[in-house]
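Here is the structure we will look at.
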Amino acid sequence: MCNSQPIQFPFPIRMKHVTQRFRIIHERSDTLRALFTNLLRQPARYHDFNAVNDLSLEVPRGQMLGVIGANGSGKSTLLKIIAGIYKPTSGKTEIHGTLAPLIELGAGFHSELTGRENILLNGLLMGYSREEMLEREQPIIDFAEIGEFIDVPLKQYSSGMHTRLAFAVATEVNPDILIVDEVLAVGDIAFQKKCFERIDKFRRAGKTILFVSHAMPHIVEHCDRAILLDKGSIVADGDPREVTALYCSVMTPELATKQ
Amino acid sequence: MKELIIVTYSYRELIWALALKELKIRYKRSVLGFLWALLNPALMMLVMTVVFATILRFGIPHYAIFLLSVLLPWTFFAQSLSYAVESIVGNGDLIKKVSVPKMVFPVAAVVSNAINLFLSLIPLSLLVLLLRHPFYSTWLYLPVPILALVIFTLGMTFLFATANVYYRDVAHIVQVLLSAWFYFTPIIYALDFIPPQMRWLFKLNPIVYVLNGFRLAVYYGMLPRWQSIAASFACAFVTLIVGFAVFRRYQDEFVFYV
């Protein structure tokens, strides 16, 4: 968890030549038996691949950055590095300011616990204190429109309620850097609108936002800048309209040529 | 070590919440809920008392107290270890999605079982009163062996939780190890029962010294000799230092294996 600093850094997120290498072991010795049999036969075969490859990125304060790319292009890995979940293999990552260090809304929610208990647990997991979370409990419940369900175990929630609560917790705690990863797919239109209103409020407050989505209109409408990832590298960086257009033409070339 | 203390302190609220969550979920679906933490040792005591007072006679007066004074701390150790060995793998989903110091999970598993240990001392003291066994002032000494035992347990926990990330067999091995260890430790019997020429073997067992402190204080009303106290803390700290060093060495890689 990074603490807020008195000095305002112009670039809350700064990555220099960051590489995240994964070792894919074809016959991984998951159990001792496999280990012994593999030892007898041959050394484990593996190949390395870079999920994020020599990537450099600077995100200025107050920017809403859209991150797009095909499945497997390294979006999630990039976010996990920024959130501090992965320690990259090489390169330098500097994060200035508080950041909700969770990559998926509702990570850490437990279905046997009530909504109220989950709010507290989720907040503590993100590094906030009990006191701070109790203070924010009511606004979170209000925003998520959970009502009396707040004291019911989470397993009885609908998936919409689950997402609303998760979004409310992640944003109510007021981080300097907000990571929004594909969350808006679940809520209904009314709640989506509410989420974007909140995101816009964050933007007006000068927060930095990373927004991952496969919905290109959302990227164009809300982001100041977009990057397109392919094989772990940034292949396009700039105006959301241009970057999404490029992405669409790469993904569906036959459509693009027809038009 | 310093890191362990700092992280434990700054994440104390999270560790406490995780420990309570563990207990809550353990007792969630039962009608009596939390009462089981008290009932479990109480019923076990009842069985022990009946079995050893009427059927098997070891010639040890108040055998139930003799046994439970060591069995309860042993249960704490064994349960902590069996829960904590899975604590990293079991929280894999969380570790993959939230950046949080990994050590909070094994620590929380130990804390939740420590709460159980404290609760189980209540029925034990009731049993002492019921059997009219003297209530020794040496009970006040119990925080010392409890501290040593918690430190020892944490060390073992870090070691096995780390190993289990890489080889899931470890969780099964721990179960076998624990039951063998149980019989090679003077729990249901006293060290005096062992032939003198064999005793050196039992003295290599690192948990013997700390458990001995519990029995002396509760059953005999005596304090251990300082050598025994020193040995219990030496075993505890060596285990913790080794266990935590291993954990720390590998903790950044856990996310790739869970």
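The values are calculated or read from the model by the stated rules, or taken from the named source; none is laboratory data. Computed from a prediction, not measured in an experiment: that's the story for all the values here. We place every Cβ from the backbone using ideal geometry, glycine too, and count neighbours over all the protein chains shown. These area figures cover heavy atoms from the full protein model, side chains too; ligands, DNA and RNA do not enter into them. Shrake-Rupley method; radii C 1.70, N 1.55, O 1.52, S 1.80 Å.
Assorted remarks:
- Qualifying positions in the stretch B:147-175 - open to solvent by 20 Å² or more (accessible area, probe 1.4 Å), within 14 Å of chain A (Cβ to nearest Cβ), of a type outside the set (A, V, I, L, M, F, W, C) and not in a loop (DSSP other than H, G, I, E, B): B:166, B:169, B:172
- Flag if residue A:156 is out of contact with any strand residue (DSSP E or B) (no Cβ under 9 Å at 6 or more places or on another chain), within 30 Å of residue A:68 (Cβ to Cβ), open to solvent by 40 Å² or more (accessible area, probe 1.4 Å) and among the polar types (S, T, N, Q): no
- The stretch B:1-110 holds helices (runs of 4 or more DSSP H) entirely within its bounds, and those carrying 2 or more residues that are modelled with pLDDT of 90 or more and open to solvent by 60 Å² or more (accessible area, probe 1.4 Å) map to B:2-10, B:12-27, B:63-84.
- Conditions (1) buried (at least 19 other Cβ atoms within 10 Å of the Cβ); (2) farther than 22 Å from residue A:67 by Cβ; (3) hydroxyl-bearing (Ser, Thr, Tyr): number failed by residue A:213: (2)
- Counting only residues that are polar (S, T, N, Q) and surrounded by 17 or more Cβ atoms within 10 Å (Cβ to Cβ), the stretch B:122-146 holds 1 of them.
- Residues in the stretch B:222-249 that are open to solvent by 80 Å² or more (accessible area, probe 1.4 Å) and aromatic (Phe, Trp, Tyr): B:226, B:237.
- Filter result (touching a Pro at 6+ places or on another chain (Cβ under 9 Å) and either within 14 Å of chain B (Cβ to nearest Cβ) or at pLDDT below 70 (or both)) within the stretch A:3-51: A:20, A:21
- Selection over the stretch B:195-219 of residues that are surrounded by fewer than 22 Cβ atoms within 10 Å (Cβ to Cβ), in contact (Cβ under 8 Å) with a residue 12 or more places away in the chain and farther than 15 Å from residue B:146 by Cα gives a count of 2.
- Options A:145, A:137; residue that is open to solvent by 40 Å² or more (accessible area, probe 1.4 Å) and acidic (Asp, Glu): A:145
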